[in-house]
Every structure is written in structure tokens, then in C-alpha cells.
Amino acid sequence: RAKELGGGRVEVFAPHMHADVVRRLELGSDLQRALAEEQFAVEFQPVVELATSRVTGVEALARWFRGSEAVPPEEFIAPAEESGLMVPLGDWVLRKACAEVARWRRDSWDVGLSVNFTARQIAAPTFVEAVAAALDDTGLPPSALTLEVREEVLVEDAGQNVARLSALRDLGVRLAIDDFGTGYASLAYLGQLPVDIIKIDPSFVAGLGSDETLTLLTRTIVRLGRDLGLTVVAEGIERPEQLELLREMECPRGQGYLVARPMAAGPAESLVRTNLKAQELPGRADLPLR
Ligand code: C2E
Ligand code: MG
Ligand code: MG
Ligand code: MG
């Protein structure tokens with residue numbers, strides 16, 4: 001193949017890999033600048049109690065506004081993780097979200113806050129202190145904060161990660177397994193992990209009512225969670241029939257576009273302040289939540 005390209009030209013062994021490395025390096029330095037220039041923002045997606053549609057808390061989701069373009073987390077979380085920037089970025093998100101929610105709570109009710117954490121964040125030697133310091137500095141009580149981690153984090157390198165998460169849990173912080181059902185093996189020792197909440201992955205919820213296996217699996221996870229004394233949150237509720245089935249299964253909590261989309265701090269604050277039922281959200285009066 002090199003010959004076809006003509007003599008004297010250097011063949012790049014795997015051009016796509018090279019391009020990927022370059023892209024990641026560029027993204028890494030872009031991210032660094034973005035953090036320095038405060039191009040990031042935090043949005044909040046409400047989580048509701050399914051039986052009543054009342055908000056129980058909000059999940060903080062990082063947003064990157066690069067000029068006029070909104071870069072989705074899928075495109076910057078993994079590169080940030082690989083370039084080492086996830087630790088400062090995650091700390092920024094945590095502090096921003098804690099400060100915001102602590103402020104809401106001062107003259108409102110005790111809304112909860114969930115923040116996502118990656119493997120690198122938990123592996124950082126400063127992890128436990130950083131979370132404790134963010135709580136201390138913002139005045140958010142530990143019991144108001146839930147850390148969301150994916151199953152792998154509790155399985156890989158489990159000893160150290162579990163010990164660190166347990167240390168925070170001893171302070172009163174809650175722990176959620178995010179994207180539950182997509183990882184591996186944790187089912188077997190779910191009862192032994194220091195976990196309070198499981199968040200059912202949207203891939204299960206997507207099949208509710210249309211796919212028998214996914215419906216059965218969702219029902220099983222809801223029951224398992226209940227039997228283990230865990231709070232179950234169904235993620236990615238988009239259609240009324242999914243909501244109906246989850247209510248029928250007595251799944252305690254849910255989150256998804258049907259209920260409320262992730263929103264900027266301002267609208268999230270007004271929603272939380274009045275603890276509006278989801279059907280009263282502006283422009284969403286047709287929602288079947290009652
Ligand atoms: P996640 O923690 O599972 O967050 C839920 C994701 O599902 C969010 O995507 C949310 O916008 C989206 N979502 C909510 N309801 C629906 C729905 O009804 N349908 C569909 N199709 N999607 C829904 P987002 O904000 O794009 O974030 C994607 C992932 O990126 C998050 O998944 C989380 O793993 C990660 N992420 C986002 N922000 C942060 C952060 O600050 N730190 C860390 N470590 N990870 C983050
Ligand atoms: Mg999450
Ligand atoms: Mg999730
Ligand atoms: Mg996810």
C-alpha cells in the first residue's frame with residue numbers, strides 16, 4: 001500500500017488511530033482552556049417520586065459551551081478522564097452544584113443533589129477530602145449529596161474505591177450505582193456494597209411495554225432493590241406507557257424527558273422552590289403525571 005502512494009512517502013501505520021490521538025490531544029488542551037475560561041456550566045435534571053410526581057432532588061450534569069456549540073458530555077467526559085482533567089473539572093462541577101443547591105435550600109425545602117463521579121476522580125488521593133471540603137465550603141449537608149458512580153467503579157479496583165466511598169458514606173453522603181444493569185457481576189454482591197440507590201439504565205426503561213425481556217428485567221431490578229432496602233430510580237422515562245408500568249411496578253423514583261429535561265440553574269431553582277408537580281412545568285401541561 002505504501003508503494004501505491006508513491007516512493008519517498010511515509011506511510012502512517014494506522015491513520016485513524018493517529019487522527020484519534022491528535023483529536024484527543026487537541027480536545028485535552030481545549031478542555032484545559034475551557035476550564036480556565038469558565039466555558040462550562042452545570043444543568044440540573046429533576047428526579048421525582050413517581051407516585052406523587054413530587055421532586056425529590058436534582059442531578060447535576062456538566063455542559064460545555066464551546067463558542068456557540070454545546071459539546072455533549074459523551075464527547076468530553078472520556079477525554080477529560082484520559083487527559084487527567086476530569087479531577088479539576090469534576091471538582092468544579094461538584095462545587096458549583098453544591099453551592100447552587102445549598103443556596104436554594106437556605107430559604108426553601110431540603111432538596112437533594114446527585115453528582116456523577118468517574119473512576120479517576122475516586123482514585124485521586126484527594127477524593128475524600130475534596131468532597132468533604134466542597135460540602136464544608138458550600139454549607140451543603142452531607143446527607144443532601146448523592147454520588148453517582150457506574151458499576152465498574154465498584155468492581156474494578158474495588159477494595160480502594162469501596163473504602164473511599166465508605167468513608168464518605170460515614171459522613172452521611174449517599175451512594176448511587178448509575179446505569180445499573182449494564183455493568184458486570186455486581187448483582188452477586190450488591191447487598192455487600194455501600195450503596196443506597198440504584199439507577200436503572202435507560203436501555204431497560206426504553207423497552208418497557210414493548211420488549212418482554214426488558215420489562216421483566218426492569219420489574220426484577222425494582223423488586224431486588226426493594227428487597228435489599230435500596231431506593232430505585234428509573235432513568236430515561238420518555239413515554240407515558242413507561243411511566244405507567246413503572247408506577248404499576250411501584251418503582252419509587254424516576255427521571256427522564258417526560259418528567260423534566262435537564263435545565264439551567266434558574267429554571268431548576270424555581271421548579272424546586274415551589275416543588276411543582278411535573279405537569280405544572282411551563283409548556284408541559286399535557287404531561288400525564290398525577
Ligand atoms: P448519566 O449520569 O446517566 O446522566 C443521565 C443522562 O441521560 C444525561 O445525559 C441526561 O441528559 C440524559 N437523559 C435524561 N433523561 C433522558 C431521557 O428521557 N431520554 C434520554 N435519551 N436521555 C435522557 P448527559 O447530560 O448527556 O450526560 C451523559 C453522561 O455523561 C451522564 O450520564 C454521565 O455519565 C456523564 N456526565 C455528565 N455530567 C457529568 C459530570 O459532571 N461528571 C461526570 N463524571 N460525568 C458526567
Ligand atoms: Mg448519573
Ligand atoms: Mg445514568
Ligand atoms: Mg448514562
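Return the residue satisfying two criteria in turn: it lies in the range 202-220 and is crowded, with 22+ Cβ neighbours inside 10 Å and more than 17 Å from Val48 (Cβ to Cβ), and of such residues it is nearest to ligand 2 (Cβ to nearest atom). The residue in question is Phe204.
In the range 159-174, the condition of being in contact with a Pro (Cβ under 8 Å, 6 or more places away or on another chain), within 15 Å of ligand 1 (Cβ to nearest atom) and touching a residue at least 24 places away in the same chain (Cβ under 8 Å) is met by at least one residue.
Filter the range 25-77 down to the residues that are charged (D, E, K, R) and assigned to a strand (DSSP E or B) and list them by number. Residues satisfying the conditions are Glu43, Glu49, Arg54, Glu59, Arg63, Arg66, Glu69.
When you go through Thr182, Thr146, Thr220, Thr215 one by one, which is the residue that is farther than 28 Å from Cys98 by Cα, polar (S, T, N, Q) and within 16 Å of ligand 1 (Cβ to nearest atom)?
Within the list Thr182, Thr146, Thr220, Thr215, the selection yields Thr182.
Of all the listed residues (Leu243, Leu224), the sole one being crowded, with 20+ Cβ neighbours inside 10 Å and either of a type outside the set (Phe, Trp, Tyr) or away from ligand 2 (no atom under 16 Å from the Cβ) (or both) is Leu243.
Scan the range 14-63 residue by residue and report those that are of a type in the set (S, T, N, Q) and at pLDDT 90 or above.
Correct list: Gln39, Gln45, Thr56.
Across the range 58-68, a minimum of one residue is classified as among the basic types (Lys, Arg) and within 15 Å of the chain's Cα centre (by Cα).
When the test is whether a residue is at pLDDT below 95 and closer than 27 Å to Glu250 by Cβ, Gly191 passes it. Residues that are within 15 Å of ligand 3 (Cβ to nearest atom) and part of a loop (DSSP other than H, G, I, E, B) occur at least once in the range 199-217.
Restricting to the range 78-100, count the residues that are closer than 30 Å to Arg273 by Cβ and at pLDDT below 95.
Residues flagged as closer than 30 Å to Arg273 by Cβ and at pLDDT below 95 within the range 78-100 amount to 0.
Checking Leu190, Leu243 one by one, the residue that is assigned to a helix (DSSP H, G or I) and away from ligand 1 (no atom under 16 Å from the Cβ) is Leu190 and no other.
The values are calculated or read from the model by the stated rules, or taken from the named source; none is laboratory data. Values in this document were obtained by computation on a predicted structure and should not be read as measured data. Note that each Cβ is placed from the backbone with ideal geometry, even for glycine, and that neighbours are counted across all protein chains shown.
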